[in-house]
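Worksheet: the structure to be examined is printed underneath.
The values are calculated or read from the model by the stated rules, or taken from the named source; none is laboratory data. Everything numeric here is computed off the predicted structure, so don't read it as measured data. Backbone-built Cβ (ideal geometry, glycine too); neighbour counts: all protein chains shown. Ligands, DNA and RNA are excluded from the accessible area calculation, which covers all protein heavy atoms including side chains. Shrake-Rupley method; radii C 1.70, N 1.55, O 1.52, S 1.80 Å.
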Amino acid sequence: MSETPVLATARLRLRPRTVDDAEALFPSLSDPELMTWWSHAPHRTLDETRASLARGDPAWRVWAITLADEDIAIGYVAVGEKRPAVSEIGYLLARPHWGRGIADEALTAVLDWLFLTEDHRRVFADTDPDNVYSRRLLERLGFRLEGVLRAEWETHIGIRDTTLYGLLKEDWTCRPRRT
């Protein structure tokens, strides 16, 4: 797995997520509504969040999303390389920051890194079919719905389908850029 570089945008700084981010991320990871579509139940304690961040997964790189002028995690972007030049992407953003384009900006920075610096050919995401906001975000970024896997996940809310979205390098590099 490659290193997790620090990435910067006009409003954000994305840096490697650490256990020290647990306190800032706990309100999101313990929020029942925000965690509805996740594969695990909301965290019950700050210690549970600390343990989860400490455990991590060596197959995944995780960037903490912070505002450029303060180093407090407001979410994260995770990337797991599944095959050479093919990665899965996932993300979480604290509710107070929704609707401001922050998730779009953070994912754009990571996708630029994956496609333009690391020369990935494909990035994909899976999300619950009922997670409308996540699906809209992926579609805004140019991801295409590639399929539905029925009864794919056993989660804290039951057996769930998943929608698979894919984005190819040429789709990303040939899209109109917003300024």
Estimated 222 nm signal from helices in the chain, with DSSP H stretches of n ≥ 4 weighted -39500 (n - 2.57), rounded to 500: -6500 deg cm²/dmol
The chain, relative contact order [Cα under 8 Å, separation at least 6], %: 19 percent
Accessible surface of the chain [probe 1.4 Å, protein heavy atoms]: carbon and sulfur percent: 52 percent
Among ARG11, ARG135, ARG61: highest mean-square fluctuation, GNM of the chain, C-alpha pairs under 10 Å: ARG11
Relative packing of peptides 155-161, 28-34 - highest average C-beta neighbours within 10 Å first: 28-34, 155-161
Stokes-Einstein translational diffusion, segment 9-111 - Kirkwood Rh over all Cα pairs, 1.002 mPa s, 20 °C, in µm²/s: 153 µm²/s
Accessible area of the chain divided out per residue, in Å², using a probe of 1.4 angstrom: 54 Å²
Centroid-to-centroid separation of segment 62-82 and segment 93-155 [C-alpha atoms, Å]: 14 Å
Of ALA103, ALA68, ALA78, the one that fluctuates the most in a GNM where the chain has Cα springs shorter than 10 Å: ALA68
Beta bridges by DSSP in the chain, antiparallel share as percent, to the nearest 5: 90 percent
Structure-derived volume of the Cα convex hull per residue in Å³ - corresponding label in (1) 140; (2) 116; (3) 125: (2)
